[in-house]
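Asks: Questions regarding the structure given below will be posed in turn.
Every number here is computed from the coordinates shown, using simple stated rules; none is lab data. Note that this is a predicted model, so its numbers are computed, not measured. Quick reminder, even Gly has a Cβ in these numbers, built from the backbone with ideal geometry, and neighbours come from all protein chains shown.
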Amino acid sequence: MGSLPLPFSEKPEETMKRNKINIAVLVSGGGTNLQALIDAQESGILHSGKIVLVISGNPDAYALKRAEKAGIPTAVACAKALGREGAEARILQLLDTYAVDLIVLAGFMSILSRDFTSRYDHRILNIHPSLIPAFCGVGFYGLHVHEAVLKRGVRITGATVHFVNEIPDGGDIILQKAVRVLDSDTPESLQKRVMRQAEWKILPAAAEAVSLKILNEENKP
Ligand code: GAR
């Protein structure tokens with residue numbers, strides 16, 4: 001006699017499927033992009049991934065407080081204290097412990113080694129505060145980007161989310177959003193507008209799109 005068919009939810013292959021991947025967010029500073037990801041998770045914009053860990057490159061980063069407030073586990077991997085290799089080894093160990101599928105660099109100010117990036121090929125996202133390939137690469141980070149934009153006199157800037165490879169800001173582009181430069185802008189006012197109008201929107205959108213893609217690939221019949 002053949003065995004009875006199992007109800008849908010009890011089929012062994014169905015019980016293996018998960019509906020969220022594990023995300024780690026790496027930060028170094030204020031963490032407004034981390035906050036945008038947390039808010040997106042709470043509002044359901046980010047629903048195919050869950051932030052399971054926040055790692056800071058700086059023990060004093062305010063981003064750590066934002067994570068704690070949201071009930072997300074935190075850790076510090078400080079290159080000044082551990083050296084670059086030591087900090088990367090610590091990060092790799094943490095990613096393994098938390099079974100992380102996707103890494104989001106949200107204002108993380110260290111450049112990751114080729115050894116590190118090759119282990120997470122197309123599994124690391126970064127938000128950069130310009131329209132790549134303009135104003136990017138070594139030396140272009142944080143406020144320096146907006147200073148350079150104003151110095152050059154461009155009328156349109158913006159933000160880019162891209163995959164991270166061994167070339168600083170050189171990986172495949174996922175999303176970009178343009179922002180107008182105003183005559184009255186200072187580096188600080190421009191930074192705020194780029195964050196509000198571009199970064200805080202495209203980073204959660206890209207994190208969701210890539211998380212969903214990873215899930216779909218995993219759940220392919
Ligand atoms: C953001 O503007 C981010 O795009 C930039 O640092 C800031 C971090 O702010 N990242 C880079 O410049 C990377 N090259 P946050 O800590 O408030 O998210």
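Asks: At what distance in nm do the modelled label points of residue 69 and residue 184 sit from each other, each positioned 7 Å from its Cα along Cα→Cβ?
Replies: Distance between label points: 2.9 nm.
Asks: For the range 78-117, what is the convex hull (Cα atoms) projected area averaged across all directions, in square nanometres?
Replies: Value for the range 78-117: 3.0 nm².
Asks: Ratio of the chain's C-alpha Rg to 2.2 N^0.38 Å, to two decimals?
Replies: Against the empirical 2.2 N^0.38 Å value, I get 1.12 for the chain.
Asks: In addition: For residue 69, which aspartates and glutamates qualify as cross-link partners when the Cα separation must be under 18 Å and same-chain residues fewer than eight apart are set aside?
Replies: Partners within reach: 39, 42, 60.
Asks: Turning to a different aspect of this structure: Once the piece of chain linking residue 98 and residue 213 is laid out straight, how much longer is it, given 0.36 nm per residue of separation minus the C-alpha distance between them?
Replies: Here the answer is 39.4 nm.
Asks: Net charge within 9 Å of residue 177 by Cβ-Cβ distance, Lys/Arg positive one each and Asp/Glu negative one each, not counting residue 177 itself?
Replies: So the environment of residue 177 carries a net charge of 0.
Asks: Something else about it: Enumerate the calculated ³J(HN,Hα) couplings along the range 213-220 in order (Karplus 6.51 cos²θ - 1.76 cosθ + 1.60, θ = phi - 60°), each rounded to whole Hz, writing x wherever the residue is Gly or Pro.
Replies: 5, 4, 4, 4, 5, 5, 9, 4
Asks: Separate question: Per the Debye formula with a single identical scatterer at each Cα and no solvent contribution, what log10 I(q)/I(0) holds for the range 97-155 at q = 0.25, 0.26, 0.30 Å⁻¹?
Replies: For the range 97-155 at q = 0.25, 0.26, 0.30 Å⁻¹, log10 I(q)/I(0) is -1.10, -1.15, -1.35.
Asks: Hey, fewest Cβ within 10 Å first, where do 103, 23, 132 land in order?
Replies: Taking fewest neighbouring Cβ atoms as first place, the list is 132, 103, 23.
Asks: Could I ask something else about it? Could you give me the percent of Cα pairs per 5 Å distance bin for the range 43-168, shortest bin first, beginning at zero and ending with the bin that holds the maximum distance?
Replies: P(r) over the range 43-168, rounded to whole percents: 2, 9, 18, 21, 20, 16, 9, 4, 1, 0.
Asks: Still on this model: Looking only at 25, 154, 181, which one moves most when the chain is put into a Gaussian network model with springs between Cα atoms under 10 Å?
Replies: In this elastic network of the chain, the residue with the biggest mean-square fluctuation among 25, 154, 181 is 154.
Asks: About the Cα centre, and with charges only on the beta carbon of Lys, Arg (+1) and Asp, Glu (-1), how big is the dipole of the chain? Nearest 20 debye, please.
Replies: 440 debye
Asks: Dipole of the chain (Lys/Arg Cβ +1, Asp/Glu Cβ -1, origin at the Cα centre): which of 107, 89, 135 lies farthest to the positive side?
Replies: 135
Asks: Also: Just how large is the dipole of the range 35-119 about the Cα centre, in debye to the nearest 20, putting +1 at every Lys and Arg Cβ and -1 at every Asp and Glu Cβ?
Replies: Around 140 debye, computed over the range 35-119.
Asks: Can you give the calculated 222 nm mean residue ellipticity of the chain, where each DSSP H run of n ≥ 4 adds -39,500 (n - 2.57) and the sum is split over every residue, rounded to the nearest 500 deg cm²/dmol?
Replies: Computed mean residue ellipticity for the chain: -11500 deg cm²/dmol.
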